[in-house]
Amino acid sequence: MENGKLHHAIDTLKGSGVRITPQRHAVLEFLMNSETHPTADDIYKALEGKFPNMSVATVYNNLRVLREIGLVRELTYGDASSRFDANTTEHYHIICNSCGKIVDFHYPVLDEIESLAEQVTGFNVTHHRMEIYGTCQNCREQKMVKQ
Ligand SMILES: [Zn+2]
Ligand SMILES: [Zn+2]
């Protein structure tokens, strides 16, 4: 990760008047360095060594604060735990059916489908979700080893 990105995020935090506790800083930094879209539990496990007094609830609370100021996105897929994403630029996700890994990919935002949906239904469209599913390279290779 470029450090500039983290500094920019820290500036956004400061600008929003949110207190930057060491834990909040660590949660944000971890998320910005991670490309795996971790759950709150993953983040907790990664940071508990550094912050022995921190609870999962604290991690959740920090994630909620970061989400509210737009630094973090919460992803919900099915009934699995929410995943968190510090990449707030427009992108889509592809999800592995075997291991649940979520990978970013970029594709021009499907604006046309939103206007079409508005036209044909009369709804006021706010956003859309699109996920692609498949088997990741790792899982495909593991399968081949087993066979
Ligand atoms: Zn996989
Ligand atoms: Zn993402």
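So in region 86-103, with the set limited to residues that are within 15 Å of ligand 1 (Cβ to nearest atom), surrounded by 13 or more Cβ atoms within 10 Å (Cβ to Cβ) and not aliphatic (A, V, I, L, M), which one is farthest from the chain's Cα centre (by Cα)? Talk me through it step by step, then tell me what you get.
Looking only at region 86-103, we keep the residues that are within 15 Å of ligand 1 (Cβ to nearest atom), and these are 93-103.
Narrowing further to those that are surrounded by 13 or more Cβ atoms within 10 Å (Cβ to Cβ): 93-96, 98, 100-103.
Checking which are not aliphatic (A, V, I, L, M) leaves us with 93, 96, 98, 100-101.
Numbers: His93: 10, Cys96: 15, Ser98: 19, Gly100: 13, Lys101: 12 Å.
Ranking the qualifying residues of region 86-103, first place goes to Ser98.
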| query | Within region 25-45, can one find any residue that is modelled with pLDDT of 90 or more and at positive phi? | reply | yes
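Can you confirm whether Gly70 is surrounded by fewer than 13 Cβ atoms within 10 Å (Cβ to Cβ) and either touching a residue at least 40 places away in the same chain (Cβ under 8 Å) or touching a His at 6+ places or on another chain (Cβ under 6 Å) (or both)?
Numbers: surrounded by fewer than 13 Cβ atoms within 10 Å (Cβ to Cβ): yes; either touching a residue at least 40 places away in the same chain (Cβ under 8 Å) or touching a His at 6+ places or on another chain (Cβ under 6 Å) (or both): yes.
So Gly70 fits the description; yes.
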| task | List every residue pair whose Cβ atoms sit under 7 Å apart, with the two residues 6 or more apart in sequence or on different chains, where the first one lies in region 87-98 and is over 30 Å from Lys143 (Cα atoms) and the second, anywhere, is within 9 Å of ligand 2 (Cβ to nearest atom). | result | Asn87/Asp104; Thr88/Arg73
| remark: Listed by range, helices (runs of 4 or more DSSP H) wholly within region 56-147 having at least 2 residues that are of a type in the set (A, V, I, L, M) and in the same structural domain as His37 (by TED's automatic domain parsing) are 56-68
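The values are calculated or read from the model by the stated rules, or taken from the named source; none is laboratory data. If you're wondering where the values come from, they're calculated on a predicted model, not measured in any experiment. Every residue, glycine as well, gets a Cβ built from its backbone with ideal geometry; the counts of neighbours run over all protein chains shown.
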